[in-house]
Amino acid sequence: MPKSHLISTVYEDPRELASSSDYSAALTIEPELEPSVSIHEGSSGRFLGVEGATVSFGKGGARVCPLRGVSVMFERGTLSLVMGPSGSGKTTLLSLLGCLLSPDEGSVFVDDILVNQVSETEKTAIRQKKIGFVFQAFRLFHSLSAIDNVALGFELRDPKQSQRLEMARDLLNQFSLGDKCNQEPNELSPGERQRVAVARALAGNPPILLADEPTASLDAQAGRNICQILRNQVVEHGKTVVVVSHDPRWREFADRTITLCDGQVDQEEKNL
């Protein structure tokens, strides 16, 4: 398995990419990281979110500030939709929650841990054990079968797990993909690829799922299927899901909608 190359980046604006190439490790394995690494558990009472978070890139006249003093918290066992125009800071917020970015100012909480106070090694451990990522472009390994892509998710979270192929098959069966286990991504439809990607994100049972435009590349039926799958993860398994999307269909499945504009929270509304 090409573990040293498991890098997936979440970026909203090319200026962010140019200014912050260090933050490209959503699925990175660090060779020195042991599965038994201790993660300092906090008791902040803040499960997931940011307080007073400001993020900037560049210098001088080229400086941009995608988030400016944002405070928003996400409750356990809820699905939250984050919307807003391009450049409003949606994916920057998701990158903070995913321990991919560190704020210039403010605090980030993940599973009640104040992330600002932990080392980079501990941040990597938090990403591996507590967060599943789902992307618009699927980010599957094209040379691996569906079952091997999902099994890789189990290996990332626990390299000593010996039953990962069996557990991967079970996840794929849950998403009606049992007959697609041995097919490679280019042999699957876009909706099937995204279901494989969701299964991989769920491997190892992380409590948090972060999804960046997960339905943008899908047709109406496949997109609604993904909406329902992630909603079921909240209702049936108590996951906490944060979805960044321009897709208005998500409002039907989300507990609340947060709208960002110019790097700040513009509106919050409850949906369910």
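The values are calculated or read from the model by the stated rules, or taken from the named source; none is laboratory data. Just so you know, these numbers come straight off a predicted model, no measurement behind them. Methodologically, a virtual Cβ is constructed for each residue, glycine included, from the backbone with ideal geometry; neighbour enumeration extends over all protein chains shown. To get the accessible areas, we keep the full protein, side chains included, count just its heavy atoms, and leave off ligands, DNA and RNA. Shrake-Rupley method; radii C 1.70, N 1.55, O 1.52, S 1.80 Å.
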| request: Only residues that are part of a strand (DSSP E or B) and open to solvent by 60 Å² or more (accessible area, probe 1.4 Å): list them for region 59-72, please. | output: ARG68, SER71
| remark: The condition from (1) touching a strand residue (DSSP E or B) at 6+ places or on another chain (Cβ under 6 Å); (2) open to solvent by 20 Å² or more (accessible area, probe 1.4 Å); (3) within 26 Å of THR215 (Cβ to Cβ) that PRO103 misses is numbered (3)
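Results for (1) under 25 Å from GLU75 (Cα atoms); (2) at pLDDT 95 or above, shown as yes or no for each residue.
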residue	(1), (2)
ALA146	no, yes
ASN149	no, yes
ALA168	no, yes
ASN182	no, yes
LEU188	no, yes
VAL196	no, yes
ALA211	yes, yes
GLN221	no, no
CYS227	yes, yes
| With GLY223, GLY178, GLY238 as the choices, which residue is in contact with an Asp or Glu (Cβ under 7 Å, 6 or more places away or on another chain) and either closer than 22 Å to SER80 by Cα or surrounded by fewer than 15 Cβ atoms within 10 Å (Cβ to Cβ) (or both)? | GLY223
| said: open to solvent by less than 10 Å² (accessible area, probe 1.4 Å) and not polar (S, T, N, Q): which single residue out of PRO159, PRO207, PRO185 fits that description? | reply: PRO185
| task | State yes or no: is LEU140 more than 16 Å from the chain's Cα centre (by Cα) and buried (at least 18 other Cβ atoms within 10 Å of the Cβ)? | result | no
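Every residue, every condition in (1) under 26 Å from LYS130 (Cα atoms); (2) out of contact with any Leu (no Cβ under 8 Å at 6 or more places or on another chain), yes or no:
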position	(1), (2)
ALA211	yes, no
THR215	yes, yes
ALA222	no, yes
ILE226	yes, no
GLY238	yes, yes
SER245	yes, no
CYS261	no, yes
GLU269	no, yes
| request: May I ask you to verify whether GLY263 is within 15 Å of the chain's Cα centre (by Cα), at pLDDT below 95 and within 24 Å of PHE47 (Cα to Cα)? | output: no
| query | Just for helices (runs of 4 or more DSSP H) wholly inside region 88-186: which have at least 2 residues that are touching a Pro at 6+ places or on another chain (Cβ under 9 Å)? | reply | 90-97, 120-130, 146-157
